[in-house]
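For reference, the structure discussed in these notes is given below.
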Amino acid sequence: MSPTLAGLLVIGSLFVLLATGMPIAFALGLSAIGGLLVANGIGVFEVLAETMFAGIANLAYVSIPMFVLMGAAVAATPAGRDLYEALDRWMNRVPGGLVLSNIGACAIFAGMTGSSPATCAAIGKMGIPEMLKRGYPASVATGSICAGGTLGILIPPSVTMIVYGIATETSIARLFLAGVFPGLMLTAMFMAWALIDCRRKGFRFDDTGVRFTIGQKISALPRVLPFLIIIVGTLYVLYGGVATPSEAAGAGAFLTLGVVIVMYRLFRPKPILDIFSSSMRESVMIMMIMASAELFAFALSSLFITQSVAGAIAGLEVNRWVLMALINLFLLISGMFLPPVAIIVMSAPLLYPIIVSSGFDPYWFAVILTINMEIGLITPPVGLNLFVVNAIAPQVRTSEVLWGAFPYVMTMILGIVILSLFPGIATWLPDQVMGPL
């Protein structure tokens, strides 16, 4: 069987299994086992367990459940509500302050949790009804939350960056730094479009009807500042040479858990057990996807599919930016169907040598890849953030949610173009803090 035919069969079987509603991890594993059985026979079962275990037997992966626990502790409390209320009170007099508060709260909450769906749910539950009550267009209210939630996988700490770093053997600390300025840039671009969209749809920013005193503004800070201190403290531990990424993640999770227990008086066993249960489910899901993706990658390699694709791409006598455009198109289409973790584990080892040999910075490319994954989160048919927002705002038609999110897809594509023209946006901070490559 030729590598081309084998590849079509394995990838085709994967999409068939996904179409049945089967969980991603099982679909990846079963399609890989099927391809290996066809190629190598029954003896392949001798290496399945070892291959899957080897895919996750890396000490750096310890940081993933720690950051997930950190996010679960924040998401299980009213921290999102407190953050949203604090920003709303301080930005109330700014034109369009409410929609800016929503996007800003998404950016900060994303930094605390690293989870896009959790960010959408936590901020959207408060932000969308409040924006609708104050007269904001429904498409602006839902679209801004959908887009703001995507920042969870770019602004550090980011689980997808950790997975990319392990898959490509690059520095996780450097990857976190590379995501800072692009994350802030996208946040500013989201805010700018939200204001333009409001104006375009005839919303009057000066007609809010809500005012807050200085005392009310200051009273909102004590419930927000501890979390911001935790983020700064975790990053200091990481970049101050105090600890490794895994140790820094553990310290951040411990501090976050302590803060939420004290601030929100979670002294009974049940809420604490719920936090650990939620984080364990998500961590196991991520690890299962990564182990199955490793098996899938092994199957592609055993069938010489990976080598054939890499050879075909390397043999393309085209400008490196044309090559980058093709890679972006591949990532965009993949992001519409698969979760970011699965795409990174399967594609990063294949794309990394091609990127480096073409003269692109691997840390810059990590940011480009992550933004493509963000686009997938708000793009049908499997745009997870769209489903979350649709569930928490059932009064808004699905079509309005989709059209509200679409301009932010174009905004992120513009962000990729800007980063391509000015790669220093992603590479300057890592070079300054950790030295040039």
Could you do me a favour and compute the accessible area per residue for region 334-419, 1.4 Å probe, result in Å²? 35 Å²
Gaussian network model of the chain, Cα within-10 Å springs - most flexible of Met161, Met22, Met373: Met22
Roughly how many Å is it from the Cα centre of region 270-292 to that of region 17-76, as a whole number? 14 Å
Selection of trypsin sites (Lys or Arg not before Pro), region 49-112, meeting DSSP coil and at most 14 other Cβ within 10 Å: Arg93
Carbon + sulfur, % of accessible area of the chain - ligands and nucleic acids excluded, 1.4 Å: 70 percent
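Under the rule of -39500 (n - 2.57) per DSSP H run of 4 or more residues, summed and divided by the residues of the chain, what mean residue ellipticity at 222 nm is obtained, to the nearest 500 deg cm²/dmol?
Working: 22 runs with 335 residues, N = 437.
So the helix-based figure for the chain works out to -25000 deg cm²/dmol.
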Treat each spin label as a single point 7 Å out from the Cα along the C-beta direction, and report the Tyr239 to Glu50 distance in nm. 4.3 nm
Quick check for you: with a 1.4 Å probe and neighbouring chains kept, what is the accessible area per residue of region 82-240, in Å²? 35 Å²
With Cα atoms, 0 to 90° folded angle of helix 424-434 axis to the chain main axis: 90 degrees
Could you compute the longest span of the chain free of GluC sites (Glu not before Pro) located in DSSP loops and having at most 14 other Cβ atoms within 10 Å, not counting the site residues? 1-168
For region 182-188, take each phi angle, set θ = phi - 60°, evaluate the Karplus expression 6.51 cos²θ - 1.76 cosθ + 1.60, and give the result in whole Hz per residue in order, putting x for glycine and proline. x, x, 5, 4, 5, 4, 5
In whole Hz, the Karplus estimates of ³J(HN,Hα) for region 255-264 (6.51, -1.76, 1.60; θ = phi - 60°; x where Gly or Pro) are 5, 4, 4, x, 5, 5, 5, 6, 5, 9
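The values are calculated or read from the model by the stated rules, or taken from the named source; none is laboratory data. As the structure is a computational prediction, the values presented were derived from the model and not from experiment. All Cβ positions, glycine included, derive from the backbone under ideal geometry; neighbour counts span all protein chains shown. Accessible surface is based on the protein model in full, side chains and every heavy atom, while ligands, DNA and RNA are left aside. Shrake-Rupley method; radii C 1.70, N 1.55, O 1.52, S 1.80 Å.
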